[in-house]
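J.: Got a structure for you, questions after.
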Amino acid sequence: MVSAILEPPAQVAGDAYDYNVDHDVIDLAVFDSVGHDLRASMTAALAITAVRNARRAGVEDLVTIAARADELIAQQPGALQFATAVLGRMDTSTGRLDYLIAGHPPPLLIRNGSVVKELDAPPRTPLGVTIPGAGAAVAGHEQVEPG
C-alpha cells in the first residue's frame, strides 16, 4: 500500500508527491518547490513531469532521473526556481530501497509505528540547481522488510 497526504491543503502550492507501482517495484517521489505561488506549482509540475518521463523512458538510476529534472527546471525563464526532493525506488520482493535526497530533509525509516532511523545518504543540491564542479550525487541504499 502507498499513501500520502498534503496538509494543510489550503496552503499547498509547490508541494507534491508522485508514485508508480510496477509489479514488485514502487517508485516514490516527494517534492517541495520554493515559494507558495503559481510559479512554485509550475516548478513542482516540471519536477514530476521530468521524473515520470525519465521513468517511462526506462531510466532506473535515481541520479540520472534527478539530472533530467535539473535540466527541465533550469530551462525556465526568470529567477532561479528549484525544488527539494526525495526520490526513491523500492523492490518489495527483496526489500531493497534506493533513495536520493535533493536538498530535502532526510526520510525516516519507520517500523511498527516507531522511527528506527533517519536515512542519511549525502544530499545533493535541490532539483534545478546545478553547480559546475560540484561532487557527483550519490544514491543511498537501505534494506527494509520485504513485502
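The values are calculated or read from the model by the stated rules, or taken from the named source; none is laboratory data. What you are looking at is a predicted structure, and each value in this text was computed from that prediction instead of being measured. All Cβ positions, even for glycine, are placed from backbone atoms using ideal geometry, and neighbour counts span all protein chains on display. What goes into the accessible areas is simple: the full protein's heavy atoms, side chains included, and nothing from ligands, DNA or RNA. Shrake-Rupley method; radii C 1.70, N 1.55, O 1.52, S 1.80 Å.
J.: Would you mention how many residues in region 35-48 are part of a helix (DSSP H, G or I) and open to solvent by 60 Å² or more (accessible area, probe 1.4 Å)? So that I can check it myself, show each step before the final result.
T.: Our first condition is that a residue be part of a helix (DSSP H, G or I); within region 35-48, this holds for 38-48.
Of the ones still in play, those that are also open to solvent by 60 Å² or more (accessible area, probe 1.4 Å) are 38-39, 42.
Residues meeting the conditions: 3.
J.: Sticking with this structure for a sec: Go through region 88-114 and report how many residues are modelled with pLDDT under 90 and among the aromatic types (Phe, Trp, Tyr).
T.: Keep residues of region 88-114 that are modelled with pLDDT under 90, which gives 110-113.
When the remaining residues are screened for being among the aromatic types (Phe, Trp, Tyr), the result is none.
Residues in region 88-114 being modelled with pLDDT under 90 and among the aromatic types (Phe, Trp, Tyr): 0 in total.
J.: Continuing with the same structure: Evaluate the following for ALA40: is it touching a Ser or Thr at 6+ places or on another chain (Cβ under 8 Å) and modelled with pLDDT of 90 or more? Steps first, please.
T.: Numbers: touching a Ser or Thr at 6+ places or on another chain (Cβ under 8 Å): yes; modelled with pLDDT of 90 or more: yes.
Answer is yes for this residue.
J.: May I pose another question? Out of everything in region 49-59 that is open to solvent by 80 Å² or more (accessible area, probe 1.4 Å) and out of contact with any helix residue (DSSP H, G or I) (no Cβ under 9 Å at 6 or more places or on another chain), what residue ends up being nearest to LEU108 (Cα to Cα)? Outline the logic, then answer.
T.: Residues of region 49-59 open to solvent by 80 Å² or more (accessible area, probe 1.4 Å): 52-53, 56.
Next cut, out of contact with any helix residue (DSSP H, G or I) (no Cβ under 9 Å at 6 or more places or on another chain) only: 52, 56.
Values: ARG52: 24, ARG56: 27 Å.
That would be ARG52.
J.: Counting only residues that are in a loop (DSSP other than H, G, I, E, B) and either among the aromatic types (Phe, Trp, Tyr) or free of Cβ contacts under 8 Å to residues at least 24 places away in the same chain (or both), how many does region 5-34 have?
T.: 6
Residues are listed down the side, and each one gets a yes or a no for (1) on the phi > 0 side of the Ramachandran plot; (2) of a type in the set (D, E, K, R); (3) touching a strand residue (DSSP E or B) at 6+ places or on another chain (Cβ under 6 Å):
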{"residue": "ALA4", "(1), (2), (3)": "no, no, yes"}
{"residue": "GLU7", "(1), (2), (3)": "no, yes, no"}
{"residue": "ASN20", "(1), (2), (3)": "no, no, yes"}
{"residue": "SER33", "(1), (2), (3)": "no, no, yes"}
{"residue": "LEU38", "(1), (2), (3)": "no, no, no"}
{"residue": "THR49", "(1), (2), (3)": "no, no, no"}
{"residue": "ARG52", "(1), (2), (3)": "no, yes, no"}
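J.: Condition first: closer than 20 Å to ALA50 by Cβ and at pLDDT 90 or above. Now tell me which residues in region 115-137 satisfy that.
T.: Here is the first cut: in region 115-137, the ones closer than 20 Å to ALA50 by Cβ are 123-131, 134, 136-137.
Matches in region 115-137: PRO123, ARG124, THR125, PRO126, LEU127, GLY128, VAL129.
J.: Within region 7-34, work out how many residues are under 11 Å from the mean Cα position of the chain (by Cα) and either open to solvent by 50 Å² or more (accessible area, probe 1.4 Å) or within 18 Å of ILE73 (Cβ to Cβ) (or both). If you could, list the steps in order and put the result at the bottom.
T.: Going through region 7-34, the residues under 11 Å from the mean Cα position of the chain (by Cα) turn out to be 16-19, 27-32.
Within this subset, residues satisfying the condition of being either open to solvent by 50 Å² or more (accessible area, probe 1.4 Å) or within 18 Å of ILE73 (Cβ to Cβ) (or both) are 16-19, 28-32.
So the count comes out to 9.
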